[in-house]
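One structure is given below, encoded as structure tokens.
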Amino acid sequence: MAIGNLRKMSTHLDAQVQYVLNLSEDVKMNDLLGQELHLEWRGVIHCCKCSRVTKKSFGQGFCYPCFRSAPEAAECIIRPELCRAHLGEGRDPEWEEKHHNQPHLVYLAASSAVKVGITRINQCPR
């Protein structure tokens, strides 16, 4: 049984996309297809940045102070066109230059309408 804080699954591309849930041990989700899976929430929320216990999470799992100050929670994570890392500005210019100011891919997604999206190159399966 794996335990830990739930985070975004990681993926990599082999013959097909492989999904891994990162807990106390890596759980290969593809191996569990068709099987029953039991998840239990123990009623405790930890900040994904500082690990403090919080009653409520913001963004992708931050406590409020980290949501307001952590470079990982900056608005330019969602809206890269707002990034000012290339100007040496931001919550943590050195961190933002390394993590935000990187190649992005513009893509088209078709559903009921055609939509334009943007994502970091490292978010695309290879």
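The numbers here are math on the coordinates, done by the rules we state, and not lab data. Everything numeric in this text was worked out from a predicted model, so none of it was measured. Every residue, glycine among them, receives a Cβ derived from its backbone with ideal geometry; neighbour counts consider all protein chains shown.
A few notes on this one:
- From E40, E96, residue being on the phi < 0 side of the Ramachandran plot and in a helix (DSSP H, G or I): E96
- Selected residue (criterion: farthest from E81 (Cα to Cα)) from residues of the stretch 103-120 that are surrounded by 10 or more Cβ atoms within 10 Å (Cβ to Cβ) and among the aliphatic types (A, V, I, L, M): L105
- Any pair with Cβ under 8 angstrom, 6 or more apart, that starts in the stretch 67-93 at a residue that is within 19 Å of T119 (Cβ to Cβ) and ends at one that is of a type in the set (D, E, K, R) and in a helix (DSSP H, G or I): P71/E96; A74/E96; C76/E96; L82/E75; C83/E96; A85/E96; A85/E97; H86/E97
- Qualifying residue in the stretch 41-57 (condition: in contact with a Lys or Arg (Cβ under 9 Å, 6 or more places away or on another chain) and touching a residue at least 60 places away in the same chain (Cβ under 8 Å)): no
- Conditions (1) loosely packed, with under 11 Cβ neighbours inside 10 Å; (2) of a type in the set (V, I, T); (3) touching a Leu at 6+ places or on another chain (Cβ under 6 Å); number of the one not met by V17: (3)
- Scanning the stretch 52-64 for residues being over 25 Å from N101 (Cβ atoms) and either part of a helix (DSSP H, G or I) or under 16 Å from the mean Cα position of the chain (by Cα) (or both) gives a total of 3.
- Test: residue in the stretch 30-44 that is closer than 23 Å to G4 by Cβ, surrounded by 11 or more Cβ atoms within 10 Å (Cβ to Cβ) and of a type in the set (V, I, T): no
- Picking from residues in the stretch 71-90 that are over 14 Å from the mean Cα position of the chain (by Cα) and surrounded by 19 or more Cβ atoms within 10 Å (Cβ to Cβ), the one that is nearest to S51 (Cα to Cα) is G90.
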